[in-house]
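The values are calculated or read from the model by the stated rules, or taken from the named source; none is laboratory data. Every value quoted in this text rests on a predicted model; they were computed, and no experiment measured them. Backbone-built Cβ (ideal geometry, glycine too); neighbour counts: all protein chains shown. Accessible surface is based on the protein model in full, side chains and every heavy atom, while ligands, DNA and RNA are left aside. Shrake-Rupley method; radii C 1.70, N 1.55, O 1.52, S 1.80 Å.
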Amino acid sequence: MEASALRRVFREFFVARGHLPLPSASLIPVDPTLLFTNAGMVPFKPWFLGEETPPAPRVTTIQKCLRVGGKHNDLDAIGTTTRHLTFFEMLGNFSFGDYFKAEAIPFAWELVTEGFGFDPEQLWVTVHDSDDEAAEIWLEAVGLDPGRLQRKGEDNWWAMADTGPCGPDSEIHLDRGPSYGAEGGPAFGSDERYLEFWNLVFMQFNALADGSLVDLPRKNIDTGAGFERVVALTQGLDSVFDTDLLRPILAAAESLTGRTYGRDPRVDVSLRIMADHARATTFLLSDGVLPSNEGRGYVLRRIVRRAVRRASGLGVRGAAMPPLVEAVVDVMGADYPELRAGLSFLTEVVNREEERFQATLRTGSALFDEEVSRGSGTISGAVAFRLHDTFGFPIDLTTEMAAERDVDVDLAGFEAEMEQQRRRSQAAGFGAPDEARMVEYRTLLEEFGPTRFLGYELEESEARVQAVLPGEAGASGGAARAGEVEVFLDETPFYAEGGGQVGDTGWIEGAGVRLRVLDTTAPVLGLYRHRAVVEDGALHPGMTVRAVVDAERRQRIRRNHTGTHLLHWALRQVLGPHVRQQGSLVAPDRLRFDFSHHGAPSPEELRAVEDLVNAAILADEAVETEETTHAAAVAAGAIAFFGDRYGTTVRVVHAGSGSTELCGGTHVRALGAVGPFRILSEGSIGASTRRIEALTGEASLARQRLEAELLQRAASLLQAAPEELPERIEGLRSETRTLRDELRSLRQASLAREAVSLAEGAHAGTVVARLDGRSRDDLRQLAALVREVPGIDVVVLGGSPDGRGVALVAAVRPDTGVTAHELLAEAASLVGGGGGRDAELAVAGGRHPERIDDALAAARRHLAAVSAG
């Protein structure tokens, strides 16, 4: 069965059984504790934990996944086996408190036997030792042969963490026959023979801190099946790399290297790595990750560099990654149209990254050679880590290179350096919020339900106080202020920070009480937290209050948020559809927009972007919003903003007829309200990532007014009309250049005359003189000119340019036997300074002008000693 047909069979099977089909979530998870989405259930973690309400009780997905770090790290195994992949897709069907084992087990059996066509006589099943319920369903409801049902221990137990949701699981294995290993079933036989391909997780318990298990109030189903492995099994293949998902990419690697897969095991490892890493690279880039030296970008950079190194080892001298990425898009583009749309961007980024790596590879090799040349017989852990961290050398590359040179690598030292880096990374990010406070937030959400947001229509409203918590240190990036509290209302017009838009500020007022709201955030999706300072009275749960947003500030934010959407649209129009938002700040005073692009936009391109935005504003089209399903919005061309969190039902903002974005922020009602749009700056903030800062509305007008005033002031100073300034300034620059040239000529003539005068006072071909008030450069030029006068062999000049410092110069002819820097050594020391090492023209400085005469006398003594010797 071809991969495309298997996708269709899987999806249609579960849709026919009441499951809502959802598109794959991004490889960048919402979960802050994860670098990447590494399993099909990751996007649904808030639904499993009860933090959010799922769009349907049954859903099905084919989820993009990446396993390159932590517990789920397949990176080092890639290429050495025919089953492991960094990027893969996971088939999944999920139930959130709807059906359980009695339905999930028959679903799985019917699909794998009738849908995928596996022979029931070749299928074995494992269940947990304690799970009599699942065993009974397999035997009684499904009719599985008891001889092919086995019980196992912890291998058939799933847990989200040490505490929390957990439960037994049940796995389906395919017996591939005696040629693959020992018999005995999955529990006792060979893993290669009894290959697991389907896992049913039964979330039915909550693990407590004391180790006890209690029943969950709502039992869930989480099914996971590696798509590539299932494809290989249905196609009767031993290797995922031989399937129609990966073989065409492998063929591209063969064509690129001139090597044939299957002839040399060492070559095969490299070809598999190239094919796998090309897939991971393509999907990471498409989901907005760009190569960098930290976080997700560092993982991507390492993947690209491993593939390039393998290609280089097989003799590839040109760019390796672009044709491999093109092969990935050819295979996967039908199922992921965004790959085809962004192909030029994908190939440009990998080509630039590969060029950088080739340069660093050369530099890193120099460091490696330098370390080997020390003769210690060992590459230190610090150097191995620097090769790894700075130059992208995997440790296996360093050890291989070391073995070729008969030297060892201090692996223990390298691991120590890596551990320090891990600690730094953990301290820098990807950590969860304070768990105790998060429990309080989740409890509030469970008790009162989601906060009702009224801010799309209202800027003030009545509300009931649900809870008041003391201000949390660090909630605003620092310690809580005196009198600071966190207020939770049943409904609110205050917008909670999200999607780059800052939270609203304003006031909460009631009978005898007034609070100033400093910020609004959502610590748990659906729960609005108002961080406020009590100005008068005391606030208590149950009170009725009036929540009032700072309307003027809100309007400025609206202008900037709509302006951000127009900017995103215009950048894609001018630079290309590969442009993707990488971050943003929508504040009342400005907007900041980070986007992916492989180079600096030209001034003409930025002007075109600015013109497009302002033309849209002048057209004054309506800004309209609608709610629809996520899948329908994306299918209609809506663009998701980077870092935003979307449910199944999404809000779509149409900023005129051009821009369509998924966005939960506040916006103006018509584009004309944005006011004049002005780009302030554009620059690089990382590899292939640019940043624009811009203004709208009154801020743009204020900036324009300031620049007009500065222009008028400049015109007044130059006694010219503003439109004449460029010509007038160019005239002044030309006049200045002419005057400088004339001054330089006069100075040279003056120095030449002075040089002749000094030479006339020479004694035995030597000039030693004090000249104060001259710069070090003047003395250097003068000394060189004196030396050129016939009969002069040695010149020493000294003086104080400003009465505080000292300048000394020595100029000698090469055939005198005198060295300029040695001549000044003692003199420079006397004035408390030092100088250069030039043999014919040396310059020195110092900080004791009162010792200049002593310094010149020391120079004379040195000359006398040389002459006497």
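Return the pairs, sorted by first residue and then second, in which the second residue is of a type in the set (Gly, Ala, Ser) and assigned to a helix (DSSP H, G or I), the first residue lies in the stretch 699-722 and is more than 30 Å from HIS561 (Cβ to Cβ) and without any contact (Cβ under 8 Å) to a residue 24 or more places away in the chain, the beta carbons are less than 9 Å apart, and the residues are 6+ apart or on different chains.
Partner pairs satisfying both residue conditions: ALA720/ALA714; ALA721/ALA715; PRO722/ALA708; PRO722/ALA714; PRO722/ALA715.
When you scan the stretch 330-367, how many residues do you find that are open to solvent by 50 Å² or more (accessible area, probe 1.4 Å), free of Cβ contacts under 8 Å to residues at least 40 places away in the same chain and hydroxyl-bearing (Ser, Thr, Tyr)?
So the count comes out to 1.
Taking THR113 as meeting all but one of (1) open to solvent by less than 60 Å² (accessible area, probe 1.4 Å); (2) of a type in the set (S, T, N, Q); (3) in contact (Cβ under 8 Å) with a residue 60 or more places away in the chain, write down the number of the exception.
Only one criterion is unmet by THR113, namely (3).
Look through the stretch 193-211, keep the residues that are modelled with pLDDT under 90 and over 38 Å from the mean Cα position of the chain (by Cα), and return whichever of them is surrounded by the most Cβ atoms within 10 Å (Cβ to Cβ).
It comes out as GLY211.
Looking only at the stretch 800-823, count every residue that is among the acidic types (Asp, Glu) and under 54 Å from the mean Cα position of the chain (by Cα) and tell me the total.
Residues meeting the conditions: 1.
Report yes if some residue within the stretch 70-85 is among the acidic types (Asp, Glu), closer than 23 Å to LEU445 by Cβ and open to solvent by 40 Å² or more (accessible area, probe 1.4 Å); otherwise report no.
Our first condition is that a residue be among the acidic types (Asp, Glu); within the stretch 70-85, this holds for 74, 76.
Narrowing further to those that are closer than 23 Å to LEU445 by Cβ: none.
No, there is no match, as no residue in the stretch 70-85 is among the acidic types (Asp, Glu), closer than 23 Å to LEU445 by Cβ and open to solvent by 40 Å² or more (accessible area, probe 1.4 Å).
Starting from the stretch 245-268, keep only residues that are within 17 Å of ALA307 (Cα to Cα), then list their pairs with residues that are among the aliphatic types (A, V, I, L, M) and in a loop (DSSP other than H, G, I, E, B) whose Cβ atoms are within a distance under 7 Å, requiring at least 6 positions of separation or different chains.
Correct list of pairs: LEU256/VAL316; LEU256/ALA320; THR257/LEU314; THR257/VAL316; ARG259/LEU314; VAL267/LEU314.
Name the pairs whose Cβ atoms lie under 9 Å apart, with the first residue in the stretch 592-620 and touching a residue at least 12 places away in the same chain (Cβ under 8 Å), the second assigned to a helix (DSSP H, G or I) and among the aromatic types (Phe, Trp, Tyr), and 6 or more positions between them or separate chains?
If the second residue must be assigned to a helix (DSSP H, G or I) and among the aromatic types (Phe, Trp, Tyr), the pairs left are SER596/PHE345; HIS597/PHE345; HIS598/PHE345; LEU612/TRP569; VAL613/TRP569; ALA616/TRP569.
Please find, among ASP145, ASP131, ASP175, the residue that is in contact (Cβ under 8 Å) with a residue 40 or more places away in the chain, more than 17 Å from ASP215 (Cβ to Cβ) and charged (D, E, K, R).
ASP175
Looking at the stretch 316-329, can you tell me whether even one residue there is within 26 Å of ARG7 (Cβ to Cβ), open to solvent by 40 Å² or more (accessible area, probe 1.4 Å) and of a type in the set (Asp, Glu)?
yes
Yes or no: PRO588 touching a helix residue (DSSP H, G or I) at 6+ places or on another chain (Cβ under 6 Å), on the phi < 0 side of the Ramachandran plot, open to solvent by 40 Å² or more (accessible area, probe 1.4 Å) and not in a strand (DSSP E or B)? Steps first, answer last, please.
Working: touching a helix residue (DSSP H, G or I) at 6+ places or on another chain (Cβ under 6 Å): yes; on the phi < 0 side of the Ramachandran plot: yes; open to solvent by 40 Å² or more (accessible area, probe 1.4 Å): no; not in a strand (DSSP E or B): yes.
Answer is no for this residue.
Take the stretch 657-668 and flag every residue that is open to solvent by 10 Å² or more (accessible area, probe 1.4 Å) and more than 23 Å from ARG553 (Cα to Cα).
If the condition is that a residue be open to solvent by 10 Å² or more (accessible area, probe 1.4 Å) and more than 23 Å from ARG553 (Cα to Cα), then SER657, GLY658, THR660 are the ones that fit.
Every residue in the stretch 196-233 that is under 25 Å from ASP132 (Cα atoms) and β-branched (Val, Ile, Thr), please. First the steps, then the outcome.
Step one: of the stretch 196-233, the residues under 25 Å from ASP132 (Cα atoms) are 196-208, 210-225.
Passing the criteria: VAL201, VAL214, ILE221, THR223.
Report, by residue number, each residue of the stretch 591-641 that is open to solvent by 50 Å² or more (accessible area, probe 1.4 Å) and acidic (Asp, Glu).
GLU604, GLU605, ASP611, ASP620, GLU621, GLU624, GLU626, GLU627, listed by residue number.
Report, by residue number, each residue of the stretch 243-300 that is within 22 Å of GLU355 (Cα to Cα) and of a type in the set (S, T, N, Q).
SER255, THR257, SER270, THR281, THR282, SER286, SER292, ASN293
Quick one: how many residues across the stretch 541-556 are farther than 18 Å from VAL502 by Cα and assigned to a loop (DSSP other than H, G, I, E, B)?
Of the residues in the stretch 541-556, 3 are farther than 18 Å from VAL502 by Cα and assigned to a loop (DSSP other than H, G, I, E, B).
Looking at the structure I just gave you, is LEU458 open to solvent by 40 Å² or more (accessible area, probe 1.4 Å), of a type in the set (A, V, I, L, M) and closer than 24 Å to PRO588 by Cα?
Criteria met by LEU458.
Among the numbered criteria (1) touching a residue at least 24 places away in the same chain (Cβ under 8 Å); (2) within 44 Å of the chain's Cα centre (by Cα), which one does GLN150 miss?
(2)
Quick one: is VAL308 modelled with pLDDT of 90 or more, of a type in the set (Val, Ile, Thr) and surrounded by 21 or more Cβ atoms within 10 Å (Cβ to Cβ)?
Values: modelled with pLDDT of 90 or more: yes; of a type in the set (Val, Ile, Thr): yes; surrounded by 21 or more Cβ atoms within 10 Å (Cβ to Cβ): yes.
Against the criterion (modelled with pLDDT of 90 or more, of a type in the set (Val, Ile, Thr) and surrounded by 21 or more Cβ atoms within 10 Å (Cβ to Cβ)), VAL308 qualifies.
Looking only at the stretch 436-460, how many residues end up being assigned to a helix (DSSP H, G or I), touching a residue at least 40 places away in the same chain (Cβ under 8 Å) and within 32 Å of the chain's Cα centre (by Cα)?
Final tally of qualifying residues: 5.
Take the residues in the stretch 500-528 that are free of Cβ contacts under 8 Å to residues at least 60 places away in the same chain and outside any strand (DSSP E or B), then tell me which one is surrounded by the fewest Cβ atoms within 10 Å (Cβ to Cβ).
Applying the filter and picking the extreme gives ALA511.
Quickly run through the stretch 1-32 and pick out the residues that are open to solvent by less than 60 Å² (accessible area, probe 1.4 Å), of a type in the set (D, E, K, R) and either at pLDDT below 90 or in a loop (DSSP other than H, G, I, E, B) (or both).
Listed by number, the list holds a single entry, ASP31.
Among the candidates LEU49, LEU35, LEU111, LEU91, which residue alone is over 21 Å from the mean Cα position of the chain (by Cα), over 29 Å from VAL267 (Cα atoms) and modelled with pLDDT under 90?
Numbers: LEU35 fails: over 21 Å from the mean Cα position of the chain (by Cα); LEU111 fails: modelled with pLDDT under 90; LEU91 fails: modelled with pLDDT under 90.
Step by step, each of LEU49, LEU35, LEU111, LEU91 is checked, and only LEU49 is over 21 Å from the mean Cα position of the chain (by Cα), over 29 Å from VAL267 (Cα atoms) and modelled with pLDDT under 90.
Answer yes or no: is there a residue in the stretch 480-489 that is modelled with pLDDT under 95, under 25 Å from VAL586 (Cβ atoms), surrounded by fewer than 18 Cβ atoms within 10 Å (Cβ to Cβ) and not hydroxyl-bearing (Ser, Thr, Tyr).
yes
Looking at THR53, is it open to solvent by less than 30 Å² (accessible area, probe 1.4 Å) and of a type in the set (Ser, Thr, Tyr)?
No: the conditions fail for THR53.
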